[in-house]
Structure formats: C-alpha cells, structure tokens
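Just so it is clear, none of the values below were taken in a lab; they were calculated from the coordinates. In this text, all values refer to a predicted model and were calculated from it rather than measured experimentally. Because the Cβ atoms are built from the backbone with ideal geometry, glycine has one as well, and the counts that use them run over all protein chains shown.
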Amino acid sequence: MKVTVTVNGTDSARDVEPRLLLIHFLRDELGLTGSHWGCDTSNCGSCVVWLDETPVKACTVLAAMADGRSVRTVEDLAKNGQLDPVQQGFIECHGLQCGFCTPGMMMTARWLLDRNPDPAEAEIREVLSGLLCRCTGYENIVRSVRWAAEHAEDTAK
Amino acid sequence: MTTGYGRMLRKEDQRFVRGMGTYVGDVYLPGMLYGAVLRSPHPHARIVSIDTVAAEAHPKVRAVITGHTLKGRNLAWMPTLSGDRQAVLATDKVRFQGQEVAFVVAEDHYAARDALELIDVEYEPLPAVADARRALDPGAPLVRDDIKDSNHIFDWESGDAERTDQVFRDAEVTVSQDMLYPRVHPAPLETCGIVADFNQVSGKLTVWATSQAPHAHRTLYSMVAGLPEHKIRVISPDIGGGFGNKVPIYPGYLCAITGSMITGRPVKWMEDRSENLMSTCFARDFHMRGELAASRDGTIRAVRVTVLADHGAFNGAAQPTKYPAGFFGVFTGSYDLEAAHCQVTAVYTNKAPGGVAYSCSFRITEAVYLVERMVDVLAFELNIDPAELRMRNLLRPEQFPYTCQTGWTYDSGDYPRTLRLAMDMAGYEDLRKEQEAERARGHLTGIGVSFFTEAVGAGPRKHMDILGIGMADGVELRVHPTGTAVLRISVQTQGQGHETTFAQIVASELGLAPDDVEVVHGDTDQTPFGLGTYGSRSTPVSGAATAIVARKVRERARIVAAAMLEADPDDLVWDQGRWFVKGDPDSGKTIAEIAWAAHSNLELPDGIEGQLDATCVYNPPNLTYPFGAYICVVDVDPGTGKVDVRRFIAVDDCGVRINPMIVEGQVHGGLADGIGMALMESIAFDADGNCLGGSFMDYLLPTSLECPSWELGATVTPSPHHPIGAKGVGESATVGSPPAVVNAVIDALRPYGVRHADMPLTPAQVWRAIQGRPFRTDLAIS
C-alpha cells in the first residue's frame, strides 16, 4: 500500500506492506537510524518519536497509521546546526552513556518541556517512566531535563 | 584548554544526541540480506526431522541453513569460552527452550520471519531438568548425552577446609543460611546482532558485531571457521550497552557468517528481545549455603560456603580458564578472617547456556551478596547493629597489601574511613532512631548496609587466560608532526566513554589537550590485540597501557628535545607539559614542538629513529581492588509487600578518578541494576523448563520511578601498582548494591522475625515473608 508521511517536515511517500511498523519505515525505508528498536513490547521506549504532537512508541505503530500525518524524530531536534537545549542538557549533565535510549528520552523530554517549561523532578520521573535506560540509573537524565528547562532561552526554533 | 584529569564532557555525546551513532543495526550494506533464527519451543526434545522445502520455496528466501548444513562445514558445534562445546544449530536434540534450530536468509527481515513459519520440525519431547537441585539425582534427564553420562560439570574448591572446619568446631556462635542468587539477564537495550560480509574474491570476512571483545572474537572465528586470522576483520561500532551480554559468540553470529559465505552477500541478523532474554548469556543462578563462625562479641572468625551453580545446557560461562567459578574465591569479603572455604559444584540443566555475565566481575557479585547477607544474618542473631558489626571486622588500613584466606592480595584500602563517610552521609545514628519511632507507629522502615571489595582488571597473564589467550592488552600511540595524537586501544566502549577518558590519560601524560587526542577502538584492523571490555578491566589494564605508552613517547621526546636544546638528555626535566634544561624552564619544548622536530631534518644521535610513536603491551602485575560502603533506606508497605527505596547512599573508592563525572555515571547505573536485581529481575522457569522471563512484560527492569536520587560520596585510595593509581569501577555498584537493598528490606521486616528471603523481593515475595512463608523464586509455584 502507498503511504505518505511528513517526516521532519518532508513528505515521504513509499509503497509498503500494510504490516510494516513505523520504526522500520523510519529506519529501513528512510534511513533515519536515530530512533532505535529495543523490545517489541512497548516497554523500553528506545523507539519513541512524535506522531503529530504526541510521543509514540514506533515499534507498536504501523507505518500505515502514520499515513497523512507528521512524524518528528531525533534527527529534527537540532535546528540549523544548533542543538536543542534538551540535547545540550544531556551532554552537560552526562545524561547518556551508551546512547541507545537517548533519542527516545530526548523526544519525550522535549514534549514535556513544550507543555510544562518548568517541571519538577517528580514530574520528569513520571513522564520518563515509560522508557528504560540501563546505563544511567536515570539520575543524570532527570538533571539533563532540568538543565534544559533552565536554559529554555537557547531553544532552537 | 583542559588538560589532565577531572570532569570533562564526553566527546562521543555529540554524535549520540544527534541520533548519529552507528550501532550494528544501523549498518546497511548494498545487497544486504536479513537472517532469522528458528528456535525450539521445547526445553528438551529429540529432533526427528527438519523439513525446509517450503521455506526454501519462498520467493524472498535466499538460503535456509540447518545443523546438517553446518555439519558439512564442520560448524555444527562451536567451542564455548569455558572449553565446553555448544550447538550452533541443533543436530541431535534441543536442550533448552529457545535453542537455535535453523536459520533463514531472506531479502528482508519480515520475509525471513515468514519463512521460519514454513519450516517443519518434528520433535520427540523428552523430560527436562529445570531444577538444578535435581540435576544430579539418579535418573535425572541427561542433558549432555553428546559428551557425558551425568549432568555434573565440575567441582571446584578454594580455601582450607580442615582449618575452617576446626574454627567452626571451636566457635562460640555459628550461623547458616541458604540463599539463591536468581538467574538474571544483562538485558542491554540494544540486543545482540551482527552484519557479516564475506568477500568471495578477496576471501576476507568483515563483521560488524555487538562485541565487547572484538580481538578475541576474531581469533575464535578463525579457529572455528577455519579462516586465516588476517582475513577476518571484526568491527564493534557503537554498542548499546553490554554488561557482559556481548562477551560470548552466539550461534546467530556464525549462522550469519555462513549465510554470507553461501549467498555471497552481506547478511544482517539482529535478535529480538525475547531471543535476547531466552537464549543469550544469563547471569548468576547460584544456589548458596553460607555459614559464619564468630565470637559472642561479634568477631567474625571464618566463612564456609557451598554452592550449586546452574550453568544451563552448555557451559558457556566467560571467565579465565583457571577459575571455573569465576572470582567467587573472594567470598571472604572485606573482613579479616582466620579461615575460609568454599566448594562449588556446577551442573547442566535444560535452561539457556552461559553464566557470569551482567556486570558481575566474574561472579564477585555472588560472593559479595553471600558474605554481606551472612554478616546481616549474624548481626540478627547477635542483636548487634549491622554497621557496627562490619566496623568491628573490616580490614584495617595498616593490613594492606592484604592476602586473604583464599589467596587474593588486596592492593590498597582504608575501609573504616569509607564506611564512616557513608554512615555520616546517611545520618546513620539518626536514621536508626527514626526507624524505631516509625516502628512504634507501625511503619516498616529498613536500613541496609553493605561493604564490598572487588577484584577487577584481569589479569596477570601467568594466572589468567581465556581459551589460552593471556589477558594482556596492547596499545599504540602516534604523535603527528603537528602535535596531535592518535591512540589505538584494544578495548572498546559500550557506553563507558573511552574516547574521552583515554584521551584524558594521554593528555595528562603529554601536556596535550584531550581534544587533540583521537581514540580509535572497536576495529581489529585498526587496533592492537587485547582481550576487550568486561570485568571492569579497561582502566586497570588498557588504562595502564595507555599511561605507559604515553610515558614511552615522553621519553622518546626527551632525546629529541635534548637534540633541539643541544643538551644532554639526562639534564632535562619534564614539567608542565614541557622538556627543559634543569633550571631553565623558559627554554622548554612542548610535545607539539618536539613532534615537529622529530619529523624534521634535525640531526639526532646515532641509533635514534626519529618520530615519537610507541607501542606497549600491558600485563598487569595484580588485579585492582576497588571497594565501597553502601547504605539503603526502604519503606515497606505491610499490606501489599511493596518496597520503596527512599534513599541510597553510595561511597565508592576506585582509586584515582580520571573523570569523576563518568565514574559517578557508572555508579548510578550499577545502583539501578542493584535495585532491579534485588526487587524485580528474575528469569524463572516452570517445572517443565519453560522460560517465564522472555520479554520485558515479564522480566521487569527498574524505571525512573523505582530509582531514588542517588547520594554519592568518594574516598580515594590509589592502587599502588597501577601507573596512575586507578582501579576499575564499572561494576562496583552492581556488585555492592543488591545486598544493601535486600538487607534493608529484611531489616524492615524485623518486627516479623524475618531473617532472610530470596531475591527478587517482589511484593508477593515480601508479603509471603511477612506471613512466614517465603518461597523459591527460581521456579514457578504450581
């Protein structure tokens, strides 16, 4: 079937199998490998992207379900070469180690900050609780998001 | 310009935050095919027949490989890292649920999965042995009838049995406790996988693999596949977490390589999460009985341990040859004992093969859990505060270097200082008062203490090898004419930040900026040989090699600088990143200046080659012994058994810290691991051998909500034998934290008289412990 998805602002049309998952569409069809696949069961969140304005786990969304809608991935966070404060925050606060969960964490954090520019630690932990990280013990991820909140003026628009 | 040690942001982060890392799954080659593995649904069954005709007829399938195909290439079996053999694809029977039976190569991975459904395997199910405690019973189902007539793998002992028994006979007090360290899984977020590309013209095999040990893998591929080693290149690109899971070679890797050889095209195989949890290297599965002998005043005199180790269907544990039970021999812990003895028996069961993995420092995790749980059992019996009991028995600073009763020589330590700092940070005495008040109100608060000593940085080549390959690591350092440098290391990172910390070591030794040092790793054609990153060995072994090779470069630079300054090399002094004539610092030459001169037409003394490049192979004289004191505070809901970790205080001493930010990050991750293992994680089986932990729906991992905000502290006791005084730290928190959490939960349950309950302390397990009916966590209750 033919699907057209606006990915990071660009329309991408492909002829795909109806069963193709969004994560495979992004990675295998479009070459956007920043979003990762980690578990199959919506537990780990390595595959989180935005579908329209909402973070989704792309391993449990069909590419067909994204037809006519827009998707935003980690590759779209930096604008004109300038990092989003969330990205800079992860660097500043050592919010990543192996980097595998990082894109999903950052996309979720960006969504949170767009709705609440000044979230408390408890809210950050709540929002990130659907994503797994095996390296950081979450502490520095929470700090990274706080860093981004405190440096919102640097937001790349 | 930053030089030397200290907090430095990581170089590697720039690509990761942009989604521009290159993990194995991100490698796409022209004409690449995709592989998928057909796995056994049975824990134990004879294979009657395998019919692949329908799969081969699938229009997108390019090859179907079975054990029979591999047999023709002498690849049906492969050696394990413990000298056993493991079926690549089963030929005679399947021995665990999820075992590899066939491999399909197709144009895309959806088609490969479809074709698996078309393979018809006829099995004759056999009774399975899932309970290690039944494995040696007469008449128990025989797992390895291909090589043995029993399920027994090895017996191993350490320490002095006679002397230990004597102390136990004389002791005023003895305590004994059975405990299980359940089977757990490292579960890195990136599963294991490979892209194999065999070039039929050049005969060269290139693989991109999730490997923590690319050089060792290259050698093993050569031995197994019969390819000359120089025609094999193993690339470990960015790795999405390892934790020991990516040390072994898995059947899927060899299948993908075979698939590439057969089709002449590159083959990618990435396992899915269930395959990862059900078939790749698990950890622990140690059934232990611990005993302590002590005096009434709380002086611990001896420890005695018996262990039944479940190694699954193939003995695939990754550890130095002489140590079949890993480094469990350091079960004497952090205490000054009169005697110690342990006896370990390992058995085969119809469960996934492997063992050791998961940030365990070669089974020191099990050893530390055993001794730290036993100290709390003794404290319980003697009614002595567990922190106080530890303080009374810890090794004293003046006893170092200390050789323990099982022969391990601890290099350095000041244990009481570290424990005291943790207690001060926790406000220990106040916490105890608060706990008493809360108990009076019916609240269950628990305070758990653990003190661990690790032995990491394997290891001295004389004693430590894997399949005959000594555990030394090479390094090369090149200084370019304009004064920037390239360091090539044998170890590689799975998130540890080598590109940053190893640059910091070189920068510190040579007075360069860390940004002027490029670290190359994870490619066997680009780096010198070494055994890889696991067992917290990168800093103790390759970090030492890096410091030494930088000092070699510095000495070569001294000769050149002397020629530049028309002085005697012996008259030169190195300080602040420059060689200068004693008493004349203004005339000094930097490494960059010297590098240019070393490549120039400057006349050098006879026998001096010019250039500054150097190499080194580091064979460590001893392991390094990091240690730490951990305190955990939990609240337990008596109605549901749910445990909340309220606080966690961790004081680590890993000697000199190259980059404290990275050290703390590693400790954070290990603490979360500890909470996971103590409270949530277990790969359980039913009585028939069916795996009950095959997805993240069943194998639970801690999230941001289960983890508290960690409170870290540090003491610094340099390693006396390491060139920069550093010790390993990557696994310290994983090793040290589980007993702190468990001790805290058991402490909370004190009003109920609970002395022990096995991990994972799920709400159900805690609730049943409260009812006086703790249950086994490794088998499902029928």
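What the table shows:
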| item | result |
| --- | --- |
| Alpha-carbon centroid distance for the pair the range B:562-591 / the range B:376-412, whole angstrom | 49 |
| Estimated FRET transfer efficiency when R0 is 60 angstrom, pair B:LYS148-A:SER70 (beta carbons, to 0.05) | 0.50 |
| Distant alpha-carbon pairs in the protein assembly as shown (separation over 48 angstrom), percent | 23 |
| Contact order normalised by residue count of chain B, Cα under 8 Å, 6+ apart, percent | 16 |
| Student exercise, the range B:220-307 dipole from Lys, Arg, Asp, Glu Cβ charges, in Debye to nearest 20 | 160 |
| Cβ-based net charge around B:PRO397, under 10 Å, with every Lys or Arg adding one and every Asp or Glu removing one | 0 |
| Charge sum, other residues only, whose C-beta stays under 11 Å from A:ARG134's C-beta, Lys/Arg counted +1 and Asp/Glu -1 | -2 |
| Cα gyration tensor shape of the range A:1-77, rounded if a/c is under 1.5, else prolate or oblate by comparing a/b with b/c | oblate |
| Alpha carbon centroid spacing (whole Å) that separates the range B:696-750 from the range B:29-74 | 43 |
| Chain B shape via C-alpha gyration tensor axes, a/c threshold 1.5 | oblate |
| Rg ratio (alpha-carbon, reference 2.2 N^0.38 Å) - the range B:187-274 | 1.02 |
| Values of log10 I(q)/I(0), in the order q = 0.08, 0.18, 0.21 Å⁻¹, for the range B:19-174 under a Debye, Cα-only, solvent-free model | -0.39, -1.13, -1.31 |
| Positive-end residue of B:THR69, B:TYR358, B:HIS215, charge dipole of the protein assembly as shown with Cβ unit charges | B:THR69 |
| Cβ-placed point charges (K, R +1; D, E -1), dipole of the range B:89-205 about Cα centre in debye, nearest 20 | 120 |
| Order of B:PHE314, B:PHE103 under a 10 Å beta carbon neighbour criterion, fewest first | B:PHE314, B:PHE103 |
| Cα gyration tensor shape for the range B:339-445, rounded if a/c is under 1.5, else prolate or oblate | oblate |
| Value of [θ]222 nm, deg cm²/dmol, for chain B, DSSP H segments ≥ 4, -39500 (n - 2.57) each, nearest 500 | -8000 deg cm²/dmol |
| Inter-centroid distance (Cα atoms) of the range B:230-281 relative to the range B:113-182, Å | 28 |
| Distance violations [Cα-Cα > 21 Å] among A:LYS57/A:LYS79; B:LYS231/B:LYS268; B:LYS11/B:LYS589; B:LYS246/B:LYS268 | A:LYS57/A:LYS79; B:LYS11/B:LYS589 |
| Sum of -39500 (n - 2.57) over DSSP H runs of 4+, divided by residues of chain A (222 nm, nearest 500) | -8000 deg cm²/dmol |
| Span-rule helices in chain B, defined as complete DSSP H runs reaching 24 Å or more along the axis (Cα) with Kyte mean at least -0.5 | B:364-382, B:544-565, B:660-679, B:732-748 |
| Charge sum, other residues only, whose C-beta stays under 12 Å from B:ASP688's C-beta, Lys/Arg counted +1 and Asp/Glu -1 | -1 |
| Furthest towards positive pole of dipole, B:GLN177, B:THR501, B:LEU116, structure part chain B, Cβ charges | B:LEU116 |
| Qualifying trypsin sites (Lys or Arg not before Pro) for the range B:313-380 [loop in DSSP, other Cβ within 10 Å: at most 13] | B:LYS322 |
| Dipole in debye (nearest 20) - chain B, about Cα centre, beta carbon charges: Lys, Arg +1; Asp, Glu -1 | 720 |
